[in-house]
Amino acid sequence: MTALVDTNILVYRYDPRFPEKQRLATTLLRDGIEHDSIRIAHQAVVEFVQAVSRPLSKGGASLLTQPDALDEAEQLLAQYEILFPTPSLVRLALRAVSRYRLSWFDAHIWAYAEHYGLDELWSEDFSDGRLLGTVRVHNPFLPPAT
């Protein structure tokens, strides 16, 4: 099964403040390379660079320097299939804002998965298990259901 990963998974890979999420994100991304089972939206690459290179607090350090963030973005481009927006994908996102009551950025990420026929969207920003169109949302940071 091929999944789209949201920006938060890419960011947690470099965030030592949340060691368990960092470990899980690293494992998911490595498995995705090994099994060619992950896709990344162009939007997530752009958001990743912004998120990891901005200061964590006023006057504080960032997770990565801007040059390192750009290098990591280059690595994402080399290691994963990157999905790019199309006019029909953007229209789908526009409709999803009202239909599913999603924020613009969440609707846009979901639209990538729906448009490209991916079964799952991995993110902590949606309700775990929710089915949106044909895409099931999965929060990989939640403990397994018993």
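Applying the condition of being surrounded by fewer than 17 Cβ atoms within 10 Å (Cβ to Cβ), outside any helix (DSSP H, G or I) and at negative phi to the range 86-115 and asking which residue is nearest to the chain's Cα centre (by Cα) yields Ser103. Among the conditions (1) over 21 Å from Phe105 (Cα atoms); (2) surrounded by 22 or more Cβ atoms within 10 Å (Cβ to Cβ), the only one that Thr27 does not satisfy is (2).
Within the range 116-129, restricting attention to residues that are closer than 20 Å to Asp31 by Cβ and of a type in the set (A, V, I, L, M, F, W, C), which residue is surrounded by the most Cβ atoms within 10 Å (Cβ to Cβ)? Residue satisfying both the conditions and the ranking: Leu121. Inspection of the range 122-139 finds no residue satisfying the criterion of being under 16 Å from Ala3 (Cβ atoms), assigned to a helix (DSSP H, G or I) and hydrophobic (A, V, I, L, M, F, W, C).
For the range 3-37, the set of residues classified as within 11 Å of the chain's Cα centre (by Cα), under 25 Å from Gln66 (Cβ atoms) and either modelled with pLDDT under 95 or not hydroxyl-bearing (Ser, Thr, Tyr) (or both) consists of Val5, Asp6, Asn8, Ile9, Leu10, Val11, Ala25, Leu29, listed by residue number. Checking the range 59-67 against the condition returns a match, with at least one residue being part of a helix (DSSP H, G or I) and not β-branched (Val, Ile, Thr). Residues that are of a type in the set (Lys, Arg) and either free of Cβ contacts under 8 Å to residues at least 40 places away in the same chain or in contact with a strand residue (DSSP E or B) (Cβ under 8 Å, 6 or more places away or on another chain) (or both) within the range 11-50 comprise Arg13, Arg17, Arg23, Arg30, Arg39, listed in sequence order. When Leu77, Leu83, Leu132 are checked against the criterion of being surrounded by 14 or more Cβ atoms within 10 Å (Cβ to Cβ), of a type outside the set (Gly, Ala, Ser) and more than 27 Å from Glu20 (Cβ to Cβ), Leu83 stands alone in meeting it.
When you check Ser53 against the structure, is it surrounded by 13 or more Cβ atoms within 10 Å (Cβ to Cβ), within 14 Å of the chain's Cα centre (by Cα), over 19 Å from Ala107 (Cβ atoms) and free of Cβ contacts under 8 Å to residues at least 60 places away in the same chain, yes or no? So Ser53 fails the test. Scanning the range 9-56 for residues that are within 15 Å of Leu76 (Cβ to Cβ), part of a helix (DSSP H, G or I) and hydroxyl-bearing (Ser, Thr, Tyr) gives Tyr12, Thr26, Ser53.
The values are calculated or read from the model by the stated rules, or taken from the named source; none is laboratory data. Everything quoted here is computed from the prediction, not taken from an experiment. Every residue, glycine among them, receives a Cβ derived from its backbone with ideal geometry; neighbour counts consider all protein chains shown.
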